[in-house]
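To start, the structure itself, in structure tokens.
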Amino acid sequence: MCGKNLKRCSLELGGKNAEIVLDDADLDLALEGVLWGAFGTTGQRCTATSRLIVQAGVYDKLVGMVVERAKKLKVGNGLDESNEVGPCVSDGQRKTVHGYVEIGQKEGAKLLCGGEPLAGGAYDKGFFYKPTVFGDVTPSMRIAREEIFGPVLSCIRVKDFEEAVKVLNDTPYGLSSSIYTRNVNLAMKAIETIEAGITYVNAPTIGAECHLPFGGVKDTGNGHREGGWTAYDIFSEPKTVYIDYSGALQKAQIDNAEY
Amino acid sequence: MANNYLNFINGKHVPAKSGKTYENRNPADTDDLVGLFPSSDASDVADAVAAAKAAYPKWKATPAPARGEIMRRATEKLIARKEECARIATREMGKVLKETRGDVQEAIDTGLYAAGESRRLWGTVVPSELANKMAYVTRQPMGVWGMICPWNFPMAIPSWKLFPALTCGNTAVIKPATLTPATVHEFVSALADAGVPAGVVNIVYGSGAAVARRC
């Protein structure tokens, strides 16, 4: 519609954001990052961590740590401050989430925890879903490629930094990203080569600050950035003004040049 | 006990022309009815757009720092109502209170940024090729912006759009997410109470599909 009428249109769109964890990372830090990134807001952020890309040397250990903590997350009514994770926003959204869990199982991913709604007692009055972790996910699986928008994390094993970045970039989306490593050189290369509008080093994929540009590349968005100073460029347009106070008709070079 | 919410057009609260409403329930406890909201359609949007168009010239002519001062006052309202707004957001969206408090805080911070930015809407002056001639670039607002927002950041994302848009001198029609309309009501109330003139920001509630059929 905007295109047809030549009106400015600013789009946000989605993400399939990944956290890379290399062998040299602080694993406890990476763990806190992925738990918050994947299950905060019940995974319903466009910047949510939905892929965990782990170097082989620490894959088993880290994924084990993630599963153990995911099982213990307190899910319930958000008004009760002892709860950490609320419900899915609607019945329809929860069905979509569960649909993807079934797809993941059919595709051969290993369901490590969760994978079903929460039922019984107060849970029956809401749209609660168990925090879910899949292991041995490969980049071509649908659960690794399509945005689920719920508490479902896909874990992918890679052999080295190059493969980690390749797998991270292997998506039509490009909103947020993160890398956990203690190697400053690899962190710098990651910043350069990751295809995303936002990259975090040693922090999760969620938690943008309101005064910096926010938006994605590739199929995420249409080039605009919200937040910070760039939002003001979206909501205004330049007007160029020339004031001629010479009292004569003056011509700029384009009308004067003799070639 | 349900609240009856109304569209906000030209500074007035009005029902959808069809008179239809829909229920907004708590996804953690569907017994909790947050409120009834208008099921608007394209004709309601048309009224809102007309109001926003009519309000535009005067808002555009208001000096940016004066617009920024109204944004700042709106953040004072949000600061005072932060807990109340967070509770409403948790009830209609589901995320925990810690997160909805953060959501409201993000709107506050975006508003404070907007207030400051209203005095920094810089253009650029560069030398002209010619003597006795001045060349520069200034910023202009664009007119009426239509905004359709998601439900996952029920106050923060509307604030990302409304604060910069209004500070630049545009007027707006916002269609809140069908699932999280009450939080937008709170946000726009803060703007209105802070002195945003009638018609500068308008709310049309309803489903995106029904409202979009204006083309």
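Computed from the coordinates by the stated procedures, all read-outs in this text should not be read as laboratory data. None of the values given here were measured: they were computed from a predicted structure. Cβ placement follows ideal geometry from the backbone for every residue including glycine, while neighbour counts extend to all protein chains displayed.
General remarks:
- Of the cross-linked pairs A:K125/B:K82; A:K106/A:K166; B:K20/B:K53; A:K130/B:K175; A:K16/A:K110, those separated by over 22 Å at the C-alpha level are A:K125/B:K82; A:K106/A:K166; B:K20/B:K53; A:K130/B:K175.
- Here the range B:74-178 is assigned +1 on the Cβ of each Lys and Arg and -1 on the Cβ of each Asp and Glu. Its dipole about the Cα centre then comes out at about 100 debye.
- Volume per residue of the convex hull around the Cα atoms, evaluated for the range B:172-215, comes out as 59 Å³.
- Within chain A, longest stretch clear of exposed trypsin sites (Lys or Arg not before Pro) (DSSP loop, no more than 13 other Cβ within 10 Å): A:75-158
- For the range A:98-186, a Kirkwood hydrodynamic radius built from all Cα pairs, placed in the Stokes-Einstein relation at 37 °C and 0.692 mPa s, yields a translational diffusion coefficient of 223 µm²/s.
- Most mobile of A:G14, A:G33, A:G64 in a GNM of chain A (Cα contacts under 10 Å): A:G64
- Rounded to the nearest 20, the size of the Cβ-charge dipole of chain A about its Cα centre is 640 debye, with Lys and Arg at +1 and Asp and Glu at -1.
- Sparse packing (at most 13 other Cβ atoms within 10 Å of the Cβ) combined with a DSSP loop state is found for the following GluC sites (Glu not before Pro) in the range A:165-246: A:E209.
- Cα-Cα pairs of the protein assembly as shown separated by more than 37 Å (percent): 33
- FRET efficiency estimate (nearest 0.05) - Cβ-Cβ, B:S18 to A:E107, R0 56 angstrom: 0.80
- Helix axis angle, A:27-39 relative to chain A longest principal axis, alpha carbon, degrees: 80
- On Cα atoms only, tilt of A:91-107 relative to the major axis of chain A in degrees: 70
- Sites A:D233 and A:K159, calculated FRET efficiency, Cβ-Cβ separation with R0 35 Å, nearest 0.05: 0.25
- Cα-based values for the range A:158-257, radius of gyration first and Dmax second, are 21.7, 73 Å.
- Pairs of Cα atoms in the range A:13-63 fall into 10 Å distance bins, from 0 up to the last occupied one, in shares of 27, 52, 20, 1 percent.
- The charge dipole of the range A:1-95, taken about its Cα centre with unit charges on the Cβ of Lys, Arg, Asp and Glu (plus for the first two, minus for the last two), comes to roughly 780 debye.
- Cα long-axis angle, helix B:82-93 against chain B (0 to 90 degrees, to the nearest 10): 60
- Kirkwood-based shape ratio for the range B:1-154, expressed as Rg/Rh from alpha carbons: 1.09
- With contacts taken as Cα pairs under 8 Å and at least 6 residues apart, chain A reaches a relative contact order of 24 percent.
- A Gaussian network model of chain B, with springs between Cα atoms under 10 Å, assigns the largest mean-square fluctuation among B:D193, B:D103, B:D41 to B:D193.
- Mean separation of Cα contacts under 8 Å, 6 or more apart, over the residue count of the range A:107-178: relative contact order %: 26
- C-alpha center-to-center spacing [the range A:34-56, the range B:139-215] in angstrom: 29
- Contact order relative to length of chain B, as percent, for alpha carbon pairs under 8 angstrom and 6 or more apart: 31
- Database note for chain A: Cys without another Cys beta carbon under 4.7 angstrom, A:C46, A:C88, A:C113, A:C155, A:C210.
- A straight line joining the Cα centroids of the range B:45-79 and the range B:1-39 runs 24 Å.
- Alpha-carbon centroid distance for the pair the range A:193-252 / the range A:70-84, whole angstrom: 38
- Rotationally averaged projected area of the range A:1-92 (alpha carbon convex hull; nm²): 9.3
- Shielding of peptide B:110-118 by partners, expressed as the average count of other chain Cβ atoms within 10 Å per residue Cβ, is 3.
- Taken along the Cα-to-beta-carbon direction at a fixed 7 Å, the label points for A:E192 and B:T62 span 4.9 nm.
- Of all the options B:N132, B:N152, B:N202, the one that moves most in a Gaussian network model of chain B with Cα springs shorter than 10 angstrom is B:N132.
- D (Stokes-Einstein, µm²/s), Kirkwood Cα radius, the range A:17-201, 1.002 mPa s at 20 °C: 131
- Efficiency of FRET from Cβ geometry, A:S246 and A:R142, R₀ 56 Å, rounded to 0.05: 0.25
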